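Questions regarding the structure given below will be posed in turn.
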Amino acid sequence: MVIAIDGPAGAGKSTVARAVARALGITYLDSGAMYRCVALAALRAGASLDDGVVLGRLARGLEIALANGRVSLDGEDVSEAIRAPEVSAAASRVSVHPEVREAMVERQRALIAAGDYVAEGRDIGTVVSPDAPLKIFLTASDAERARRRAAETGEPVAVVRAAQATRDLRDRGREHGALRAADDAVAIDTTGQSVDDVVRRIAALAAAQGTGQ
Ligand code: DC
C-alpha cells in the first residue's frame with residue numbers, strides 16, 4: 001500500500017511525508033534522494049548532465065540505500081552531500097532523462113511492492129504508483145517555498161527563489177515524469193499551515209479510506 005505525496009520543492013513534502021509515515025507506522029520513501037544520488041555520482045564522475053544514455057548506465061550501476069533517515073551511495077553516507085545546492089541543480093537536470101527515470105522508477109516500484117510506504121516525489125501518483133489508494137499534491141506559495149528552503153540551507157531567499165523557479169520550470173516542463181497532480185489527487189496548499197495540521201488532514205484522509213491501518 002502506498003500513500004503518494006507529490007509536489008514542487010519546498011511545498012513541505014519531506015517533513016509532512018516523514019511525519020505521516022511515523023503517525024501511521026509505515027516506511028517513508030524519499031524518491032528525490034535517489035535522483036540526488038545519481039546527480040552526485042554524475043558530478044563526481046565528471047559525466048555530462050545532458051547525456052541520458054551515459055547517465056542511465058551510471059544510474060543503473062549505483063548502489064543506493066535509504067534507511068533510518070540516512071542515504072548511502074555505494075556504501076558511503078551521502079545524506080548531507082546530496083543536499084548541496086549544486087547537487088539540487090544537477091538533480092533537476094539528470095532527472096529529465098527517460099533512461100535515468102526508468103532506472104529509478106524500477107527501483108522505487110520494487111521497494112514499494114514489498115511493504116507499506118509513504119512515498120514522496122514528483123511522479124509517485126502519476127507514474128510510480130498510479131494505483132496508490134491515497135494521492136496528495138502539496139503546494140505552497142513561491143515566496144513561502146523559497147523561505148522554507150532558505151531556512152534549511154542558509155542561502156539568501158532571493159537566490160533560493162531564483163534557483164527554485166528554474167527547477168520548477170524544468171520539473172513541470174519535462175517530457176517524462178513531469179511534475180503534475182494525478183487526476184484523483186487531493187490538493188493541499190500548505191501556505192501558512194502548520195506541519196501538524198497538514199499531517200492530521202492526511203492521516204484523516206487515510207483513515208477515512210481505510211488506508212494505513
Ligand atoms: O524532492 P527533491 O528536491 O529532493 O528532488 C530533487 C530533484 O529530483 C528534483 O529537482 C526533481 C527530481 N525528482 C524527480 O524528478 N522525480 C521524483 N520522483 C523526485 C525528485
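Throughout, read-outs are computed from the coordinates displayed, never taken from laboratory work. Keep in mind it's a predicted model, so treat the numbers as computed, not measured. Please note: Cβ atoms are built from the backbone with ideal geometry, for glycine as well, and neighbour counts cover all protein chains shown.
Helix by helix through the chain, keep the DSSP H runs that span 20 Å or more along the axis on Cα and average at least 0.0 on Kyte-Doolittle, and give those back in order. Intermediate values should be presented prior to the final figure.
Working: long enough: 31-45 (22 Å, 0.91); 98-113 (22 Å, -0.32); 157-173 (23 Å, -0.35); 195-209 (21 Å, 0.69).
What comes out of the filter, once short or polar helices are dropped, is 31-45, 195-209.
Let me ask something else. So which GluC sites (Glu not before Pro) in the range 120-177 end up in coil per DSSP with only 11 or fewer other C-beta atoms within 10 Å? Walk me through the intermediate numbers first.
Numbers: sites: Glu120, Glu144, Glu152, Glu175; in loops: Glu175.
Filter output for the range 120-177: Glu175.
Same structure, new question: Let me know the volume per residue of the alpha-carbon convex hull for the range 105-188, in Å³.
Expressed per residue, the convex hull around the Cα atoms of the range 105-188 is 114 Å³.
Report the label-to-label distance for Ala23 and Arg200 in nanometres (one decimal), using points 7 Å from each Cα along the Cα→Cβ vector.
0.9 nm
Let me ask something else about it. Give me the Kirkwood hydrodynamic radius of the range 114-160, using the inverse of the mean 1/r over all pairs of distinct Cα atoms, in Å to one decimal.
Across the range 114-160, the inverse of the average 1/r is 12.9 Å.
Which one, Ala151, Ala90, Ala59, has the greatest fluctuation when you compute a Gaussian network model over the chain with C-alpha springs under 10 angstrom?
The residue that fluctuates most here is Ala151.
Contour minus end-to-end for Arg172 and Asp131, with contour as 0.36 nm per residue of separation and end-to-end as the Cα-Cα distance?
Details: separation 41, 0.36 × 41 = 14.76 nm, distance 2.15 nm.
Stretched fully, the Arg172-Asp131 segment lengthens by 12.6 nm.
GluC sites (Glu not before Pro), restricted to the range 60-110: which are DSSP loop and have at most 12 other Cβ atoms within 10 Å? Please report the intermediate quantities before stating the final value.
Working: sites: Glu63, Glu76, Glu80, Glu86, Glu99, Glu102, Glu106; in loops: Glu63, Glu80.
Here the GluC sites (Glu not before Pro) that fit, given the DSSP loop and packing criteria, are Glu63, Glu80.
Turning to a different aspect of this structure: Label point 7 Å out from Asp116 along Cα-to-Cβ: which residues of the range 8-29 have amide N under 17 Å?
Of the residues in the range 8-29, 17-29 have backbone N under 17 Å from the label point off Asp116.
Against the 2.2 N^0.38 Å scaling, with N counting residues, where does the chain land? I'd like the Cα-based Rg ratio to two decimal places.
With N residues counted in the chain, Rg over 2.2 N^0.38 Å equals 0.96.
Which FRET efficiency value, to the nearest 0.05, do you get for Arg70 and Ala187 by plugging their Cβ-Cβ distance into 1/(1 + (r/R0)^6) with R0 = 22 Å?
Computed FRET efficiency for Arg70 and Ala187: 0.10.
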